[in-house]
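Contents: one structure, followed by commentary.
The values are calculated or read from the model by the stated rules, or taken from the named source; none is laboratory data. If you're wondering where the values come from, they're calculated on a predicted model, not measured in any experiment. Methodologically, a virtual Cβ is constructed for each residue, glycine included, from the backbone with ideal geometry; neighbour enumeration extends over all protein chains shown. Only protein heavy atoms, including side chains, enter the accessible area calculation; ligands, DNA and RNA are left aside. Shrake-Rupley method; radii C 1.70, N 1.55, O 1.52, S 1.80 Å.
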There are 2 protein chains.
Amino acid sequence: MVDITQQMNACFAALADPTRRAVVEALARAPASVSDLHAPHNMALPTFMRHLSVLEKCGLVRSEKVGRVRTCFIEADPLLQVQGWMEWQRIVVEKQIESRDQIPFALDP
Amino acid sequence: MVDITQQMNACFAALADPTRRAVVEALARAPASVSDLHAPHNMALPTFMRHLSVLEKCGLVRSEKVGRVRTCFIEADPLLQVQGWMEWQRIVVEKQIESRDQIPFALDP
DNA sequence: CCGACACTTAGCCATTTTGCAAACCATGGT
DNA sequence: ACCATGGTTTGCAAAATGGCTAAGTGTCGG
C-alpha cells in the first residue's frame with residue numbers, strides 16, 4: 001500500500017521537469033519505445049533513462065520489455081489523483097473569490 | 001513576460017512538497033498571515049518562510065505586509081495553468097484508453 | 001522607552017537531482 | 001558468427017533542496 005501523500009510528492013516532482021512532461025504528453029497519446037521517446041530530446045540516453053525511471057517510480061508510467069525493446073505506457077491512476085487535487089483547489093479558490101466579490105469589505109471589520 | 005514552461009516547472013516543483021501543498025490548500029480557502037500558516041507545521045519559522053518564498057517565486061502566492069504582519073493570498077492564474085495542463089492530459093489519456101478498447105489489436109499489424 | 005511579537009537575514013549541513021561519459025549486456029538481422 | 005541496435009550500469013561533478021541555529025530588523029502595546 002502506497003502513501004497517497006508521497007505519491008503526490010513524487011508525481012509533482014516528476015512533472016516539474018519539462019522533459020518528463022513532454023514524455024507524459026507523448027505517452028498520453030500513445031505508448032512508445034524508449035528510443036522513440038528519447039529521439040526528440042537533446043540529451044544523452046542514460047540521462048533520459050533516468051527521467052523515465054523517475055516517471056516509473058512515481059507510477060505515472062509503466063513499461064515492459066519485449067526482446068530488446070522496452071515499451072512505455074502511461075498510467076491513468078496517479079494522473080487522475082493529481083488532476084483531482086488540482087481541480088479541487090481550483091474549485092475552492094473560485095469559491096473564495098466569489099464570496100470575496102459578494103462581501104467586498106468582509107476583511108475590514 | 002514570463003516563460004510558460006518555466007512557470008510550470010516552478011509550480012510543479014513547488015507543489016511537490018506536502019508543506020507547500022498544505023499552504024496552498026489553506027490559502028485556497030482564505031488569506032492568512034505567515035504565523036497562522038506556520039502554526040500547524042512542525043518546523044522552524046525560517047524554514048517555513050523558505051517554503052512560502054518558493055510559492056511566491058512561482059507565482060502561486062502573493063503577499064503584502066502591513067505593520068509587522070505579512071498576509072498571504074493565493075493567486076488563481078498559475079493554479080489554472082497547471083490545472084489546465086493536468087486536465088488536458090487526462091482527456092488525451094482517456095481518449096487513448098477508449099480507442100484501445102474499441103480496436104483491441106491495433107498494435108499488432 | 002522597553003519588551004514582546006512577527007518576521008527576516010545569514011550561514012551551515014546533509015541529501016537529492018541532473019547532467020555527462022564510458023563501458024557493458026542482450027537481441028535481431030545477415 | 002558478427003555487428004549494429006536498443007538499452008543498462010557505473011561513476012562522477014555541479015547545482016538545487018530542505019532542514020537547522022543564531023542573530024537582526026521593525027512594529028505594536030503598555
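Put a label point 7 Å from Cα along the Cβ direction on residue B:2, then list its distances to the equivalent points in the other copies in nm, shortest first.
3.0
Would you mind getting the accessible area per residue of the range B:2-109, heavy atoms of the protein chains only, 1.4 Å probe, in Å²?
For the range B:2-109, the solvent-accessible area averages 58 Å² per residue.
Return the long-range amide H neighbours of residue B:61 (sequence gap of 5 or more, or a different chain), with a cut-off of under 5 Å between placed amide H atoms.
B:56, B:75
How high is the relative contact order of chain A, in percent, counting Cα pairs under 8 Å that sit 6 or more residues apart?
Over chain A, the number comes to 27 percent.
Restricting to lysine pairs 8 or more places apart or on different chains, what number in the protein assembly as shown have Cα atoms under 30 Å apart?
7
Going toward the positive end of the dipole of chain A, with +1 on Lys and Arg Cβ and -1 on Asp and Glu Cβ, which of A:74, A:22, A:39 do you reach last?
A:39
Using only alpha-carbon positions, what ratio does the radius of gyration of the protein assembly as shown give when scaled by 2.2 N^0.38 Å?
1.17
Placing the label point 7 Å from Cα along the Cα-to-Cβ direction, what are the distances from residue B:29 to the equivalent spots in the other copies, shortest first, in nm to one decimal?
Reported distances to equivalent positions: 4.2 nm.
Could you give, in nm with one decimal, how far residue B:73 is from each other copy of that position, shortest first, with labels 7 Å out from Cα toward Cβ?
Shortest to longest, the spacings are 4.7 nm.
For residue A:56, what is the net charge nearby, where nearby means another residue's Cβ is under 13 Å from its Cβ and Lys, Arg count +1, Asp, Glu -1?
Its environment carries a net charge of +4.
Compute accessible area for the range A:50-99 by itself and then with all protein chains, 1.4 Å probe, and report residues whose area falls by 40 Å² or more.
A:79, A:83, A:85, A:86, A:89, A:90, A:92, A:93, A:96
Considering only the other residues whose Cβ falls under 15 Å of the Cβ of residue B:95, what net charge follows from Lys and Arg at +1 and Asp and Glu at -1?
Local charge sum for residue B:95: -2.
By what distance, in whole Å, do the Cα atoms of chain B stretch along each of the three principal axes, largest value first?
For chain B, the Cα spread along each principal axis is 69, 35, 22 Å.
Taking R0 as 35 Å, what FRET efficiency do you get between residue B:64 and residue A:57 from their Cβ-Cβ distance, rounded to the nearest 0.05?
For residue B:64 and residue A:57, the calculated efficiency is 0.30.
What is the Cα centroid distance between the range B:83-101 and the range A:13-91, reported in whole angstrom?
14
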